Amino acid sequence: MHPQDKQIAKQARASIDAIARALDAEYPTGSEFPREKWLAVSSTGVFRRAANAESKRDAILSTMTALERLGEVCKDSGLTFSVATHLASTITALDKFGSPELKARYMEELVAGQLIGAHAISEPNAGSDALSMTTTALEDGDDFIINGHKAFVTNGSVADVIVVYAKTSQAATADCVSAFLVDTRSSGVHLGPTMEKVGLSTSPLCELTLDNCRIPKENMVGRRGAGFFVLSHVMQREILYSFIISVGEMQRRLQRCVRYANSRRQFGSSIGAFQSVANKTADMKIRYELSRQWLYYVAERMIANKDVTTDVAIAKVFVSENALATSVDALHIHGGYGYIASNGLGTEVCNALAGPIYSGTNEIQRGRIAAMIGVSQSKTKPTGVSTDQEVVRPETRIVHQVDIERTHSELLDFMHDDVQNFVSAALGDEPLDERDTAVKLYYAVRDKIAYEVFNTDISNTGLRASKIVNDRRGFCLHKALLYAAACRSQGLPCRLVASRVTNHIATPELQDLVGGDVFLHWYNEVKVGDAWLQVSPVFNKLLCKLYGIEPLEFDGYSSAIHQPFSGGAAMNYLDDPVVFTNPRYAELIELVNTYHPNMVTPVGRVPQAKSSKAAL
C-alpha cells in the first residue's frame, strides 16, 4: 500500500474509532431508526469525504476504509445499511450528475447528515425488471409531474430527499428513464408506514406513492433519458460501500468465533481442537480475506477508470454469499448458545440474508456476468422469429437483439473518465438540447480521430471508446464506436450500423487490403426527437482537404452519410445494413472477418500497407 493510502486509511479508521462508544456495544432490540447514532456517524466526516475529497482515489479509499471499520465496531447492521444507502443513492448521484444549482441547494446538508437521502427504483410489479416500471414523469412547462408507486424504499420513512427513477418516454429502451431529486415535503409525496423485515430492523423501509407530484426541471439528476446511466454508477458504488461493511462484520464475526473456539471446552479440550470447528473458522478466514481483497481490487480498477461492470457483479455475488455463509458458520460454532436470541448471532444471519437480494439479486448478477463473457442471453421467441435476432423492416435491415439489462457494453465504456472528459470538452458548459448535443459530438468525433486504417488497433481493447479517444486514430468502425459511446453518455440513443459500399475513396493499397472495391462501412444512427438519423463522422477536415471533397455536414435534422466521391457521385450503399444496438466485440470482428479477412490478425492490428505511399 502506498504511504499516502496508509495515511488515508489510518485517518478514516481513527474517525470511526472515535465514535465507537456512541455506537453502543449491543445488538439493537427494536426497529426504531437510531438518529443519535446516525448523527455520530455523520460527525466522522464519512459522508463529506465521499464527495469533497481531493481526488477520486482519496474519496473511494477513505470511504471504504471508514465503512469497513464501521462494520467491525457497529453491531447495528440496519444503521450501517442506511449509511451506505444514503452515501450511494443520493450523495454519489448528486456529486456525479447533479447540476451546480442542485448541489448548492442540497449537498452541504446531505454530507453533514442533516438531510437523509434514499432512492426509489423498484415497484410492486417491476423489481429486477426495472425497464417495466410504470412511474412516469410528464413534462409540463418548467416542471415534471410524477405519478407512480415505488416499493422497497430503504431510508424512505426518514428520508428528506429521494432520487426517484421515472419514465420520461414510453419507448422500451434504456434511454426511457430519467432520475429526479424529490423533496419528501413536496405536494403529492406519500410515504407508507415502515415495513417490518426479517433483518436490518433499524433501517426503515417503506413504499412511496407519487400523486401528481410537481418537480422543477432543475431537479433532474443528469440529463433526460440518462436514468439508467445514473443508476448504473450509483449501484456500483452501493455495492462497494454496502459490502465493504459486510467485510468488517465478517472480521468481527471471525474474531468472536476464534475467541469462543479457544475458550469453550468439551471432552477435556477447547472445541477449536476439533477439526470440524477448526475448518469452519479457517473457511471464515478464507471468505473474509478473499472478499476484502476482491472489493479493494475492484476499487483500484474503478479509480483507474477501468470498466468494472463484471468485477462489481462478481463482488456482489461473492461477498454477499460469503457474508451469509460466515454468519451461519458463526451460529453453528456457538451451538445452542448461538441459537439464543440475546447472543445476536441469529440476528446476524437474518441481516446477511438480505445481501443476495438487494442491489440487484445474485441471480441477475450471475446473468450479467454470463452476458459480459459472451454467453447469449436471448430468450426463446415465438415460432417464425429468430432466437438471436429481431427482424425490423426485413427488406432493409437486421437489428441485433437489444440486451435491455445493460446500459453500456464493454466497448461503449462511456463511464470511463477519458470518454467523459472528451464529451465535457466537446459540449462545454452551455445548456444544449438533444439536437445540439448530437451535432456537437458529431463534429468532435469527426475531427478528434484521424482516419487511418493500416496498423490501427482492432483488438478487444483497441475498439473500446476509452482507448479510441486516447489513440486518436482509427477508421470508420473506431469513429462509430466513439460517437455511440459519447451519445450514450448524454442519454442519447445511438447505435452502430454496418453496410457494404462502393465508391469509397481508397488507395490501391487499401483496396488490396480489403480485397477489392467493396468496403464494409460503419456509421451511426442517433435518435434526435422522434427520428433516427444516419450519421457518419468519418473524414475529418484534413482528409477532406487532401482529397478535395466537402466534409460531411450534420445539422441534427437530416442524415449525413453520403460522402462525396468523384464526379458528383457518392458512396453507394449495398445490401441490407446490420444494426448493433449494444455491440459486442466478437460479433463486430466476425463481420469484419467475413468481408475483409486480411484485416483481422492474431495481434489485433491491421497489417501495414505494402506500399509506403498509402495515404490511408
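The range 137-153 to the range 465-501: how many Å between their Cα centroids? With the range 137-153 and the range 465-501 each reduced to a Cα centre, they are spaced 33 Å. Would you be so kind as to identify which of 119, 168, 480 lies farthest towards the positive end of the dipole of the chain, taking Lys and Arg as +1 and Asp and Glu as -1 on Cβ and the Cα centre as origin? Going by the Cα projections, it comes out as 119. Applying a threshold of 32 Å to the alpha-carbon distances of 150/479; 10/316; 217/527; 197/285 flags 150/479 as lying beyond it. Residue 363 exposes around 140 Å² of accessible area when a 1.4 Å probe is run over every protein chain in place.
Once the Cα atoms are used to define both axes, helix 585-595 deviates from the longest principal axis of the chain by about 20 degrees. How many percent of all Cα-Cα pairs in the chain sit more than 44 Å apart? Tail fraction, whole percent: 28.
Against the main long axis of the alpha-carbon atoms of the chain, helix 362-372 sits at an angle near 30°.
Heavy-atom surface analysis with a 1.4 Å probe gives the chain a carbon and sulfur content of 52 percent of its accessible area.
Heavy-atom accessible area with a 1.4 Å probe sorts 242, 132, 31, largest first, into 31, 132, 242.
Applied to the range 151-158, the Karplus parametrisation 6.51 cos²θ - 1.76 cosθ + 1.60 on θ = phi - 60° returns per-residue 3J(HN,Hα) values of 10, 6, 8, 5, 6, x, 5, 10 Hz, with x for Gly and Pro.
At what distance in angstrom do the alpha carbon centres of the range 33-51 and the range 201-277 lie from each other? Taking the Cα centre of each part, the range 33-51 and the range 201-277 sit 16 Å apart. Roughly how tilted is helix 77-86, in degrees to the nearest 10 and between 0 and 90, from the longest Cα axis of the chain? It works out to around 30 degrees.
Think of the chain as a dipole: +1 on every Lys or Arg Cβ, -1 on every Asp or Glu Cβ, centred on the Cα centre; then among 559, 89, 180, 89 lies furthest on the positive end. In this structure the chain gives 43 Å² per residue of accessible area when probed at 1.4 Å with all protein chains present. Fraction of C-alpha pairs exceeding 19 angstrom in the range 161-307: 71 percent, rounded to a whole number. Across all directions, the average projected area of the convex hull around the alpha carbons of the range 120-201 is 6.1 nm².
The values are calculated or read from the model by the stated rules, or taken from the named source; none is laboratory data. Source: prediction; values computed, not measured. All Cβ positions, glycine included, derive from the backbone under ideal geometry; neighbour counts span all protein chains shown. Each accessible area value is taken on the protein alone, full model and side chains, heavy atoms only, with ligands, DNA and RNA left out. Shrake-Rupley method; radii C 1.70, N 1.55, O 1.52, S 1.80 Å.
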